[in-house]
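Below you'll find the structure, written out as structure tokens, and then a few comments.
The values are calculated or read from the model by the stated rules, or taken from the named source; none is laboratory data. Just so it is clear, the structure is predicted and the values come from calculations on it, not from any experiment. Note that each Cβ is placed from the backbone with ideal geometry, even for glycine, and that neighbours are counted across all protein chains shown.
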Number of protein chains: 2
Amino acid sequence: MNKARASLEHLYRVFTAPEGSDSKLAQIEQHLSVNLADFLSRHVVARATSLEQIEQDFNDFRVPEDPEFVSDHAEKLLNKLVANSVNTYSPQFIGHMTSALPYFHMPLAKLLVGLNQNLVKIETSKAFTPLERQVLGMMHQLVYQGDEAFYSTYLHSANHSLGAFCSGGTIANISALWVARNQLFKARGRFRGIAKSGLQGAMQEYGYNRLVVITSQRGHYSLRKAADLLGIGRDNLIALDCPGQTLDPARALEMGQQIQAEGGKVLALVGIAGTTETGHIDPLTELAAVANQLECHFHVDAAWGGATLFSNQYRGLLACIELADSVTLDAHKQMYVPMGAGMVLFKDPDASNAVRHHANYILREGSKDLGATTLEGSRNGMAMMLYAAMHIFGRQGYQLLIDISIEKARHFANLINHHEDFELTTEPTLCLMTYRCVPSFVKQALLEAPHLQPALNSKLDELTVWIQKSQREAGKSFVSRTRLTIEKYPDQPISVFRTVLANPLTNSQHLQEILREQTEIARRSPLWNELQAMCLQEA
Amino acid sequence: MNKARASLEHLYRVFTAPEGSDSKLAQIEQHLSVNLADFLSRHVVARATSLEQIEQDFNDFRVPEDPEFVSDHAEKLLNKLVANSVNTYSPQFIGHMTSALPYFHMPLAKLLVGLNQNLVKIETSKAFTPLERQVLGMMHQLVYQGDEAFYSTYLHSANHSLGAFCSGGTIANISALWVARNQLFKARGRFRGIAKSGLQGAMQEYGYNRLVVITSQRGHYSLRKAADLLGIGRDNLIALDCPGQTLDPARALEMGQQIQAEGGKVLALVGIAGTTETGHIDPLTELAAVANQLECHFHVDAAWGGATLFSNQYRGLLACIELADSVTLDAHKQMYVPMGAGMVLFKDPDASNAVRHHANYILREGSKDLGATTLEGSRNGMAMMLYAAMHIFGRQGYQLLIDISIEKARHFANLINHHEDFELTTEPTLCLMTYRCVPSFVKQALLEAPHLQPALNSKLDELTVWIQKSQREAGKSFVSRTRLTIEKYPDQPISVFRTVLANPLTNSQHLQEILREQTEIARRSPLWNELQAMCLQEA
């Protein structure tokens, strides 16, 4: 067999000469371009391969000594990697945010790599820097509705920034709380500010005995991560119970006032516009008022719900989001951009100066380098993907995508409400919702014998996990699962299916098929009989 | 003119039907595939367009209302964005890390978007999770040289992690110091650990009056960012002078001991294996001993130098890197992977448990989800790019790439040393080096009239900035610049050109051409005459 050799010639070839148009990689490309759904259905093998089996293919911890031909390697990637990846494009993959994407992102991804810009600084990004600033400006305007004068002053200002583009909502949430923390503990007198002096000195200077962030139990786990990272501590991320799935402003205020009365300080109140688990939206207007009373930063995590602002019909769901000091958005959720497109926006263009930094070889003072106020350093030109999508869809296109996703969730909720063996556990606000399988005879028992509730709910939890795993392993459909407290059972968290109906290709047949498969799995499971026995025993 | 309309039909089309093979986007793709260099030289217009002019094209802060046809938008991207981007593929663009990339990354980028996996959890990444763990294992083995038994225990262990893949060296450095901080302040007695209780409680519990990180002046700016973010404070990032460009172990030890004698604690000592500005490598063996004496974490930032480990000839430059508790690597530097491929590695597979977190709907306890110990949340499958590159190049291929880059830097240093109007300011260790333009008559004056040094150096600084800017604006070549203190002028930081000779397509002609253009710019500049006048006056 012809073997690749590590020669200078071989090296120059991969840098200067493309693979031939009949090469394996070119064939893959062609197939992706012509029919992505077909490529995925042919290559992503829907089979119950266990993770342990797959790991066997990825066990070699040594860097291979010899080079490989590109085509040979492409073949291996198809068989080992693509075959065992997840078909996120599939209309029946409704368990997480990853959905079908528009075709144009594939060629754009290629262009992005061909250009390989680095947005940390203008010297390696040039036009990409104003482009990213424009994208941030557009999102800022969508949220804050600033006027012409505002954006003409700040859009391209070297000394300001309307936000930061980043890899995702986690970095965005961390960035928002970092800015809030540094704004709170600013320099005064001989104190040089927290950025320079650190948290311990800041707490002493300001005389607080505790620093907390308040949110609800539905707050994203990145908030706990942020509390850890920023030195606040996870115990000081106060996640209030929310059986109704949204943060109760009165309880938030009470908690905040109590902490402040005891010598602590509320750093930030975090409202959620579209919780990751159920899609609920916190009462932003009231929370803004609470933040105002507590004199703390008001952050809104709209990683999920942010795109709803494109819809004239539904943007009212996020009314008063413009009162937030900072907002997190994820374009790789309902803006249908590939993974890696998060943003944090700041109402005040001065805010991010609280974390500004410089370096000699880049990010010089007065430069417009984006890296001076971002948590990340070198970054690629992902903003181009969102820029292109906003132009190709237009606001109207996005509006349609949002509207159909919400209507689809309502339709699915309706299907579930009319199905004898399912129970809707949270109503859809956005395109996310939760439900579980509750056989009709169990529904009856739950009503008639309330004392059985704890035991039945526990068994139903097992059933939910069983169904979700079996369905995932069968490979045709995928819903995710989580544990929630809901109003109906305030004292017992329950396991539920979690669905995200963001994929525009998902239709009613797909949803019915998912429920049909789940019923089938449920009836075949030993838990079904166990539940029957429990209910019979009682009767 | 035919206008796009926001209809469901239009929407479904972009999600389900690719652009035709004669569409603008398909033409761009084709051009990229067949001849990237030609695409870039035709479309990236090398002209002195000011940033302010470019900003005019990116001023619209409103999301466009109507959709646009994909091809119309592609045309605009070419004219407004690509035309004014930076040709990082160019062999004469030697100012930053971005270099020519191998062709195969373009189709792989397309595949990545087609698959759109999310590596935060197995449910949306499946085989990509073991693949990423394997990549981390390979890099871990390259650094730490563990044996078969080690990797078969830890490579795919749900309760361990050999490191984290992330967007870049900044996140990697932050992650390393985060882990170090949380390991230092672990739970004991009634103290719940810093992750839960926060920094203030931790400092009280452990009784330190100060927490510091020690590195050299050449430490990457992300270390200051990390100190700010983690609550340590930038003032506590002690960057020791290093006129020889490397951290002096004796001075680090002395500083650390002094701080600890005064009641402070050294959290970490950071050694650099390839400084961003000059490519120097700190004496890792000695620094490991210092960290040992100070009983602190030893982190090595090998974002630049890490790839040198592939070369049997040069890996000795990083001798004893395996003594580091954590190491930062960037695959988008000398591993020739597109932007967005950083890594942090931990010697101890238990280390990252210091930042482990869980969530109900993902990252459940006992799962192998990669997101449980990463700073970032949702992430794309970038690890595939490095996996492919390591297989296609093989260790031998990477070795060649490293070897030729170092030899090229030595060759360039030699050209400069033999040029009457240039001065080498730092010798190359890796493929990075610095120099400046010093006209022959100034060289003489510097020697003969030492009292003129400050004034001449100031004027030379102006000349360096002038040349660098003019050359960048002319658009044919690009070197970056920075300010350094070097041994020759220990009391006066000077401005220097900074070059990175990572692009395998750069040859001696290109380097000579760069010097030729710089000489020309210098001679035409008013500063040349001013320097002449200064020297004449003296003579």
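So the values come out like this:
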| item | result |
| --- | --- |
| Output for the range B:245-287, where each listed residue is part of a helix (DSSP H, G or I), aliphatic (A, V, I, L, M) and in contact with a helix residue (DSSP H, G or I) (Cβ under 6 Å, 6 or more places away or on another chain) | B:Ala252, B:Leu253, B:Leu284, B:Leu287 |
| Within the range B:485-506, tally of residues that are facing chain A (nearest Cβ under 8 Å) and either out of contact with any helix residue (DSSP H, G or I) (no Cβ under 9 Å at 6 or more places or on another chain) or charged (D, E, K, R) (or both) | 1 |
| Residue check for A:Asn159: at pLDDT below 95, surrounded by fewer than 20 Cβ atoms within 10 Å (Cβ to Cβ) and not β-branched (Val, Ile, Thr) | yes |
| B:Thr328 being of a type in the set (S, T, N, Q), surrounded by fewer than 24 Cβ atoms within 10 Å (Cβ to Cβ) and either under 26 Å from A:Asn380 (Cβ atoms) or facing another protein chain (nearest Cβ under 7 Å) (or both) | no |
| Residue list for the range A:288-305, filter: in a helix (DSSP H, G or I) and either in contact (Cβ under 8 Å) with a residue 12 or more places away in the chain or not assigned by TED's automatic domain parsing to the domain that holds A:Asn182 (or both) | A:Ala288, A:Ala289, A:Val290, A:Ala291, A:Gln293, A:Leu294, A:Gly305 |
| Failed item in (1) in a helix (DSSP H, G or I); (2) at the interface with another protein chain (Cβ under 7 Å from one of its Cβ atoms); (3) not basic (Lys, Arg), with A:Tyr103 passing the rest | (1) |
| Output for the range A:438-465, where each listed residue is β-branched (Val, Ile, Thr) and either within 14 Å of A:Leu424 (Cα to Cα) or surrounded by fewer than 19 Cβ atoms within 10 Å (Cβ to Cβ) (or both) | A:Val438, A:Thr464, A:Val465 |
| Count of the range B:395-412 residues which are crowded, with 22+ Cβ neighbours inside 10 Å, within 14 Å of chain A (Cβ to nearest Cβ) and of a type in the set (A, V, I, L, M) | 2 |
| Filter result for B:Gln468 (in contact with a Ser or Thr (Cβ under 8 Å, 6 or more places away or on another chain), surrounded by fewer than 17 Cβ atoms within 10 Å (Cβ to Cβ) and outside the structural domain of B:Gly219 (by TED's automatic domain parsing)) | no |
| B:Glu530 surrounded by fewer than 22 Cβ atoms within 10 Å (Cβ to Cβ), at pLDDT 95 or above and touching a Ser or Thr at 6+ places or on another chain (Cβ under 7 Å) | no |
| Total residues in the range A:122-156, condition more than 8 Å from chain B (Cβ to nearest Cβ) and at pLDDT below 95 | 0 |
| Tally of residues being closer than 21 Å to B:Leu223 by Cβ and either surrounded by 20 or more Cβ atoms within 10 Å (Cβ to Cβ) or not assigned by TED's automatic domain parsing to the domain that holds B:Val143 (or both) across the range B:309-323 | 2 |
| Residue in the range A:18-40 that is farther than 29 Å from B:Gly20 by Cα, facing chain B (nearest Cβ under 8 Å) and without any contact (Cβ under 8 Å) to a residue 12 or more places away in the chain present | no |
| Lone qualifier among B:Lys368, B:Lys408 - being in contact (Cβ under 8 Å) with a residue 12 or more places away in the chain, assigned to a helix (DSSP H, G or I) and either among the acidic types (Asp, Glu) or in contact with a helix residue (DSSP H, G or I) (Cβ under 9 Å, 6 or more places away or on another chain) (or both) | B:Lys408 |
| Hits in the range B:413-428 (condition: more than 14 Å from chain A (Cβ to nearest Cβ), crowded, with 16+ Cβ neighbours inside 10 Å and farther than 19 Å from B:Thr98 by Cα) | B:Ala413, B:Leu415, B:Ile416, B:His419, B:Asp421, B:Phe422, B:Glu423, B:Leu424 |
| Criterion violated by A:Arg62 - all others in (1) part of a helix (DSSP H, G or I); (2) facing chain B (nearest Cβ under 7 Å); (3) without any contact (Cβ under 8 Å) to a residue 24 or more places away in the chain satisfied | (1) |
| Residue list for the range A:303-320, filter: within 20 Å of the chain's Cα centre (by Cα), small (Gly, Ala, Ser) and closer than 20 Å to A:Ile404 by Cβ | A:Gly305, A:Gly306, A:Ala307, A:Ser311 |
| Test: residue in the range B:504-518 that is at pLDDT below 95 and in a helix (DSSP H, G or I) | no |
| Test: residue in the range B:99-122 that is more than 30 Å from A:Ser477 (Cα to Cα), small (Gly, Ala, Ser) and not assigned by TED's automatic domain parsing to the domain that holds B:Leu329 | yes |
| Selection from the range B:336-352 of residues that are surrounded by fewer than 22 Cβ atoms within 10 Å (Cβ to Cβ) and within 13 Å of chain A (Cβ to nearest Cβ) | B:Pro349 |
| Hits in the range A:527-539 (condition: part of a helix (DSSP H, G or I) and either at positive phi or over 35 Å from the mean Cα position of the chain (by Cα) (or both)) | A:Asn529, A:Glu530, A:Leu531, A:Gln532, A:Ala533, A:Met534, A:Cys535, A:Leu536, A:Gln537, A:Glu538 |
| Of all residues making up the range A:65-79, the number that are facing chain B (nearest Cβ under 7 Å) and surrounded by fewer than 17 Cβ atoms within 10 Å (Cβ to Cβ) | 2 |
| Residue match in the range B:252-269 (condition: surrounded by 24 or more Cβ atoms within 10 Å (Cβ to Cβ) and over 19 Å from B:Leu184 (Cα atoms)) | yes |
| Considering residues of the range B:185-222 that are closer than 30 Å to B:Leu484 by Cα, free of Cβ contacts under 8 Å to residues at least 60 places away in the same chain and at the interface with chain A (Cβ under 9 Å from one of its Cβ atoms) only, the residue surrounded by the fewest Cβ atoms within 10 Å (Cβ to Cβ) | B:Arg210 |
| Qualifying residue in the range B:475-485 (condition: among the aliphatic types (A, V, I, L, M) and in contact (Cβ under 8 Å) with a residue 24 or more places away in the chain) | yes |
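This table checks each residue for (1) facing another protein chain (nearest Cβ under 7 Å); (2) touching a residue at least 24 places away in the same chain (Cβ under 8 Å); (3) in a helix (DSSP H, G or I); (4) in contact with a Ser or Thr (Cβ under 9 Å, 6 or more places away or on another chain).
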| residue | (1), (2), (3), (4) |
| --- | --- |
| B:Ala83 | no, yes, yes, yes |
| B:Val86 | yes, yes, no, yes |
| B:Ser90 | no, yes, no, yes |
| B:His96 | yes, yes, no, yes |
| B:Lys110 | yes, no, yes, yes |
| B:Asn118 | yes, yes, no, yes |
